[in-house]
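Structure, as structure tokens:
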Amino acid sequence: MTPSSSSLQSTSLIIPGELKPADGRFGCGPSKVRPEALARLATDGAAVMGTSHRQKPVKSLVGEIRSGLRELFALPDGYEVALGNGGATAFWDAAAFGLVRRRALHLAFGEFSKKFATVTTGAPFLDEPIVIPAGPGDAPDPVDVGPEAAEGGVDLLAWAHNETSTGVMVPVVRPAGAGDALVAIDATSGAGGLPVDISHADAYYFAPQKSFAGDGGLWIAILSPAAQERIAQMHASGRWIPEFLSLHTALENSRKDQTYNTPAVATLFLLAEEIRWMLDGGGLDWCVARTRASSEHLYGWAQQTAYTTPFVADPAKRSLVVGTIDFSEAVDAAAVAQTLRANGIVDVEPYRKLGRNQLRIGMFPAVDPADIQALTACVDWIVERSTS
Ligand SMILES: Cc1ncc(COP(=O)(O)O)c(C=O)c1O
């Protein structure tokens, strides 16, 4: 059957209630916000919404986020949690100004890891970066890049813990032989859902709308002593750095439990709430156990099902938090996604620029592994009725 005939048939299907997941949000950012957290925003959050971010109630929230992340990631001595407005995209600009001394090296294996490379390529005060690419669904190995970085005078190594566009994860390992190059990890979708030993990273940065089940607009960066020293050096270097993008300014404010300019208070509240939920549940290991349970089911199902295959060929690179599943030609994944959406099960469409016959599924800690099982059952139910 052709994709168009399958789409005509499937969009009118009504999935039986007992098959459906309890929560139908499977997006990769913004991702599911737990209803309990939203309920608390309307009750406890009401006391802080609409109050000054320079006063104790909001500053206490920021303090709780900073200490909660310190505990969640078991930060070594001297590491700091900084935060600022503008999301992970703003952090790329801030890092180009305040973390890269002269030259960066990027592992570029999808939309987001390429975007940071584009920033340092365009920065007129930096040398052309070294960019090590990989095709969609794959990633270069960071372990190998140390000697090339040292030879090329690189002072910052960058890659994504999880490439959200393709569902590829890459471990956070400090490559040997890279001199004093800082390791800057885009953990926007990986942080909180993937295992990490933070001592291998100098800047581990993310935004709250993925694994932290919050809302966007904020960046958070866990900074090693070496990263803080580099920030101080760049601040003193005479390079012009816009105040909004100054990591020096962000760090000074973060140490006082505040942001340089006005934050979205609800974003802070939801982030603090989710960190508390993660810690109460058992910390990072517990979060990873949930994403592992979800992803083992998803990839197992995709391997056993006749019309699906995991997009990422190497099982070790298949993300625990973002699952990308290719569909055979006989099944139109876009039509399946449309039917799911019509039934309240949303945001499983693939990353728009990837252009594949694929579903992409967010399996962040807040997503119940039982809901991933329900989702695959719903997909099977739709496909059985669309292709017969
Ligand atoms: C890996 C990764 N990096 C960076 C970003 C950009 O984040 P933000 O929208 O918070 O700027 C995203 C957003 O999807 C992402 O997935």
(request) Compute the label zone of Leu13 within the range 352-376: residues whose backbone N is under 19 Å from the point 7 Å along Cα-to-Cβ. (result) 357-361, 371-376
(request) Please identify the longest segment of the chain free of exposed trypsin sites (Lys or Arg not before Pro), where exposed means a DSSP state other than H, G, I, E or B and no more than 16 other Cβ atoms within 10 Å. (result) 103-238
(request) Any chance you could check the Cα centroid distance between the range 75-126 and the range 206-283 for me, in angstrom? (result) 13
(message) Taking the solvent-accessible surface of protein heavy atoms with a 1.4 Å probe, what is the per residue accessible area of the chain in Å²?
(response) 39
(request) Report the equivalent ellipsoid semi-axes for the range 137-212 in whole Å, largest first, defined as the square roots of five times the eigenvalues of the gyration tensor built from alpha carbon atoms. (result) 22, 13, 10
(request) Please identify, among Ala293, Ala117, Ala181, the residue showing maximal mean-square fluctuation in a Gaussian network model of the chain using a 10 angstrom Cα cutoff. (result) Ala293
(message) Below 8 Å, C-alpha to C-alpha, sequence gap of six or more: please give me the relative contact order for the chain in percent.
(response) 26
(message) Using a Gaussian network model on the chain with a 10 Å cutoff between Cα atoms, which of Gly362, Gly193, Gly29 fluctuates the most?
(response) Gly29
(request) For Ile132, enumerate residues with amide H under 5 Å from its amide H, sequence gap 5+ or separate chain, H modeled in the peptide plane. (result) His106, Leu107, Ala108
(message) Averaging the inverse of every distinct alpha carbon separation and then flipping it gives the Kirkwood radius. What is it for the range 48-118, in angstrom units?
(response) 15.0
(request) Calculate the translational D of the chain in whole µm² s⁻¹ from Stokes-Einstein, where the hydrodynamic radius comes from the Kirkwood formula applied to all Cα pairs, the temperature is 25 °C and the viscosity 0.890 mPa s. (result) 114
(request) Place a +1 charge on the Cβ of each Lys and Arg in the range 76-183 and a -1 charge on the Cβ of each Asp and Glu, then give the dipole magnitude about the Cα centre in debye, rounded to the nearest 20. (result) 220
(request) Would you mind computing, in nm to one decimal, how far apart the modelled labels at Phe125 and Asp314 are, each placed 7 Å from Cα along Cα→Cβ? (result) 3.6
(message) Counting only other residues whose beta carbon sits under 11 Å from that of Gly190, what net charge do I get with K and R as +1, D and E as -1?
(response) -1
(request) Find the centroid of the Cα atoms in the range 135-192 and in the range 23-52, then give the distance between the two in whole Å. (result) 32
(message) Which of rounded, prolate or oblate describes the range 68-225 when judged by the alpha-carbon gyration tensor and an a/c cut-off of 1.5?
(response) rounded
(message) Using the alpha carbons of the range 193-340, what is the convex hull volume per residue in cubic angstrom, as a whole number?
(response) 181
(message) Check which residues have an amide H placed less than 5 Å from Val322's amide H, if you skip close sequence neighbours.
(response) Met363
(request) Averaging over all projection directions, find the projected area of the Cα convex hull of the range 331-388 and quote it in nm² with one decimal place. (result) 4.1
(request) Could you size up the charge dipole of the chain around its Cα centre, putting +1 on the beta carbon of Lys and Arg and -1 on that of Asp and Glu, and report it in debye to the nearest 20? (result) 780
(message) For the range 65-160, which chymotrypsin sites (Phe, Trp or Tyr not before Pro) pass both filters: DSSP loop (anything but H, G, I, E, B) and at most 15 other C-beta atoms within 10 Å?
(response) Phe125
(request) Output the antiparallel fraction of DSSP beta bridges having both residues in the chain, as a percent to the nearest 5. (result) 55
(request) Towards the positive end of the charge dipole of the range 191-250, with charges on Cβ (+1 Lys, Arg; -1 Asp, Glu), say which of His200, His235, Gly216 has the farthest Cα. (result) His235
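The values are calculated or read from the model by the stated rules, or taken from the named source; none is laboratory data. Quick caveat: nothing in here was measured; it's all calculated off a predicted structure. Methodologically, a virtual Cβ is constructed for each residue, glycine included, from the backbone with ideal geometry; neighbour enumeration extends over all protein chains shown. For the accessible areas, the whole protein counts, side chains as well, though only heavy atoms, and no ligand, DNA or RNA atoms are used. Shrake-Rupley method; radii C 1.70, N 1.55, O 1.52, S 1.80 Å.
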